1. Output the residue which, of all residues in the stretch 129-156 that are small (Gly, Ala, Ser) and at pLDDT 95 or above, is surrounded by the most Cβ atoms within 10 Å (Cβ to Cβ).
2. When the stretch 86-96 is examined, which residues are found to be surrounded by fewer than 18 Cβ atoms within 10 Å (Cβ to Cβ) and either in contact with a Gly (Cβ under 6 Å, 6 or more places away or on another chain) or free of Cβ contacts under 8 Å to residues at least 12 places away in the same chain (or both)?
3. Could you tell me how many of the residues in the stretch 40-58 are open to solvent by 40 Å² or more (accessible area, probe 1.4 Å) and over 16 Å from Thr7 (Cα atoms)?
4. Search the stretch 160-185 for residues being assigned to a helix (DSSP H, G or I) and within 15 Å of Ala118 (Cα to Cα), and hand back the single one that is modelled with the lowest pLDDT.
5. State yes or no: is Ala79 of a type in the set (A, V, I, L, M), touching a residue at least 60 places away in the same chain (Cβ under 8 Å), open to solvent by 10 Å² or more (accessible area, probe 1.4 Å) and farther than 29 Å from Glu145 by Cβ?
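The values are calculated or read from the model by the stated rules, or taken from the named source; none is laboratory data. Keep in mind that this is a model prediction, so the values were computed, not measured. With ideal geometry, Cβ positions are generated from the backbone for all residues, glycine too; neighbour counts draw on all protein chains shown. Calculation scope for accessible area: heavy atoms of the full protein, side chains included, ligands and nucleic acids excluded. Shrake-Rupley method; radii C 1.70, N 1.55, O 1.52, S 1.80 Å.
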Amino acid sequence: MAHASLTVFDGLPLKERLFVRGRLASAPLPALAARAQGTRLLDVGCGHGVLVALLAIGFPTRRVVGIDPDERKIAWARASVGRLPNVELRACTIETLAAERAGEFDTVLVADVLYLLAAEAWPPFLRAAHTLLRAGGRLVLKEAEDDGSWRVKKALLQEQLMVRLLRRTHSSGAVGFAPRAKLKAAVRDAGFAIEEVAPLARGYSTPHLLIVAKRIG
């Protein structure tokens, strides 16, 4: 299914197709998609829409919404995965969407977003995710953790290149990875009960960490 999802991007320019393939090859996005529950799904920071494609293709009863503050990436997503009838894409922040559609989603997925935000932006971001979920809804969060290994040094260098030199990734001005304990504490403080914590670094050169949590309250 992961490879099949790439066909929706075939109409994009070569540079964008290569970016999409690189995204899928470098991050365990299928593991996130496998943990989605329900039929109303939200991908926050969707970029070109790779995870959106994994969530939507083959699941016609799902309604998948993807949001990203980068209008360039949303434009590419609309020209590809956005053509699917069960996909909706918007160029906006999670806080904006939370003010409009509280309690609408069964699962909110966030892949590699927090590391681009300043620490003070984490609480409102995660509280917005909480607001968007129905009671008992699921948060699926993936970040690279600062585990002190060579992987995190390599990942930081790579992301600084993507943000500051190539300008392929939008950042609020912060680029950095947090230790596992800080990530877990931030999720709990936002009103979630953590159900799963899984390191997904095996087979990758980035220290991927998956956190699955349930909305409480």
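1. Ala129
2. Thr96, the sole residue that qualifies.
3. 1
4. Val163
5. Judged against the criteria, Ala79 is a match.
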